[in-house]
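Undergrad: First the structure, then my questions, so here it is.
The values are calculated or read from the model by the stated rules, or taken from the named source; none is laboratory data. Computed from a predicted structure; not experimentally measured. Cβ placement follows ideal geometry from the backbone for every residue including glycine, while neighbour counts extend to all protein chains displayed. For accessibility, only protein heavy atoms count, side chains too; no ligands or nucleic acids. Shrake-Rupley method; radii C 1.70, N 1.55, O 1.52, S 1.80 Å.
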Amino acid sequence: SQSSNADKLEIVTSQIGDRLSANGFRPKASAFHRVIEPGFVQIIEFGLGPSWSIRHGQFTVDVLVFLQEAYEILYSAPPRRRPTGSHCELSMRLGLLDNPPADRWWSLSSPLDSVAVDVEKRIETLALPFLSRLAGRRAFVEEWRKLGNDALGLKPRGALVVAIVLKHLGDENGAREL
């Protein structure tokens, strides 16, 4: 059932939580948040497959960055105190950071200890290095200039998001050039 899957996922995330806490992340429901700058939040989010889908009994991991100024402008909404994946312009599946990239899901019917070890290793070797290259707004803009939307998990309106961030940083000219 979905609730026992949620319990199993909680066991997995609690085993990974210590490593994430050591890297400055704080637990929030089935996610971990790290505030890099005010309104610039890195998120590692664990998501259960819906009960009606082929992914039932499985979970995936999303690597996200919440940009408050982009959210406020694009959604005409006040800032989120606890942003989730749906509030993030930058969203990358953990498995897509791997080589070769794959939309990776883990089964909750497998031994949870080994699942947790595998996911923790992938967060350590894939997600944390990816996020370390996005260590603030300026770094985010530079990475986007080098790599473009897809490599960062940005929606097609990535240039608009970067322009909003540049404006937030006071770089009107840079924002206008986009």
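Undergrad: Do we have residue 54 as surrounded by fewer than 18 Cβ atoms within 10 Å (Cβ to Cβ) and either polar (S, T, N, Q) or in contact (Cβ under 8 Å) with a residue 24 or more places away in the chain (or both) here? Quick ask: steps written out before the conclusion?
TA: On the way: surrounded by fewer than 18 Cβ atoms within 10 Å (Cβ to Cβ): yes; either polar (S, T, N, Q) or in contact (Cβ under 8 Å) with a residue 24 or more places away in the chain (or both): no.
For residue 54, the condition - surrounded by fewer than 18 Cβ atoms within 10 Å (Cβ to Cβ) and either polar (S, T, N, Q) or in contact (Cβ under 8 Å) with a residue 24 or more places away in the chain (or both) - is not met.
Undergrad: Just name the residue that is surrounded by the most Cβ atoms within 10 Å (Cβ to Cβ) out of those in the stretch 15-35 that are closer than 22 Å to residue 81 by Cα and among the small types (Gly, Ala, Ser).
TA: We begin by selecting, within the stretch 15-35, every residue closer than 22 Å to residue 81 by Cα; these are 17, 20-21, 23-35.
Next, only the ones that are among the small types (Gly, Ala, Ser) stay: 17, 21, 24, 29-31.
Values: 17: 17, 21: 13, 24: 12, 29: 12, 30: 17, 31: 22.
Taking the candidates together, the pick is 31.
Undergrad: Still on this model: Can you tell me which residue among 6, 29, 22 is among the aliphatic types (A, V, I, L, M) and over 22 Å from residue 104 (Cα atoms)?
TA: Values: 6 fails: over 22 Å from residue 104 (Cα atoms); 29 fails: over 22 Å from residue 104 (Cα atoms).
Being among the aliphatic types (A, V, I, L, M) and over 22 Å from residue 104 (Cα atoms) holds for just one of 6, 29, 22, which is 22.
Undergrad: Residue 5 fails exactly one of the following numbered conditions: (1) crowded, with 18+ Cβ neighbours inside 10 Å; (2) in contact with a His (Cβ under 6 Å, 6 or more places away or on another chain); (3) at pLDDT below 95. What is the number of that condition?
TA: Exception for residue 5: condition (2).
Undergrad: Given the criteria in contact with a Leu (Cβ under 9 Å, 6 or more places away or on another chain), under 29 Å from residue 14 (Cα atoms) and touching a residue at least 12 places away in the same chain (Cβ under 8 Å), does residue 160 qualify? Before you say what the answer is, go through the steps one by one.
TA: Working: in contact with a Leu (Cβ under 9 Å, 6 or more places away or on another chain): yes; under 29 Å from residue 14 (Cα atoms): no; touching a residue at least 12 places away in the same chain (Cβ under 8 Å): yes.
No, not satisfied.
Undergrad: Considering only strands (runs of 3 or more DSSP E) fully contained in the stretch 1-74, which possess at least 1 residues that are among the small types (Gly, Ala, Ser)?
TA: Details: elements: 26-28, 31-37, 40-48, 58-67.
Result: 31-37, 40-48.
Undergrad: Suppose we filter the stretch 127-150 for residues that are touching a helix residue (DSSP H, G or I) at 6+ places or on another chain (Cβ under 8 Å) and either among the aliphatic types (A, V, I, L, M) or not in a helix (DSSP H, G or I) (or both); how many remain?
TA: 4
Residue-wise test of (1) open to solvent by less than 10 Å² (accessible area, probe 1.4 Å); (2) modelled with pLDDT of 95 or more; (3) under 12 Å from the mean Cα position of the chain (by Cα).
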position	(1), (2), (3)
13	no, yes, no
37	no, yes, no
43	yes, yes, yes
47	no, yes, yes
63	yes, yes, yes
78	no, no, no
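Undergrad: In this structure, is residue 45 touching a helix residue (DSSP H, G or I) at 6+ places or on another chain (Cβ under 8 Å) and of a type in the set (D, E, K, R)? Spell out how you get there, then give the answer.
TA: Working: touching a helix residue (DSSP H, G or I) at 6+ places or on another chain (Cβ under 8 Å): yes; of a type in the set (D, E, K, R): yes.
Answer is yes for this residue.
Undergrad: Of a type in the set (Lys, Arg), touching a strand residue (DSSP E or B) at 6+ places or on another chain (Cβ under 9 Å) and surrounded by fewer than 18 Cβ atoms within 10 Å (Cβ to Cβ) - does that describe any residue in the stretch 85-97? Steps first, answer last, please.
TA: Looking only at the stretch 85-97, we keep the residues that are of a type in the set (Lys, Arg), and these are 93.
Checking which are touching a strand residue (DSSP E or B) at 6+ places or on another chain (Cβ under 9 Å) leaves us with 93.
Retained after the next criterion (residues that are surrounded by fewer than 18 Cβ atoms within 10 Å (Cβ to Cβ)): none.
Scanning the stretch 85-97 turns up no residue that is of a type in the set (Lys, Arg), touching a strand residue (DSSP E or B) at 6+ places or on another chain (Cβ under 9 Å) and surrounded by fewer than 18 Cβ atoms within 10 Å (Cβ to Cβ).
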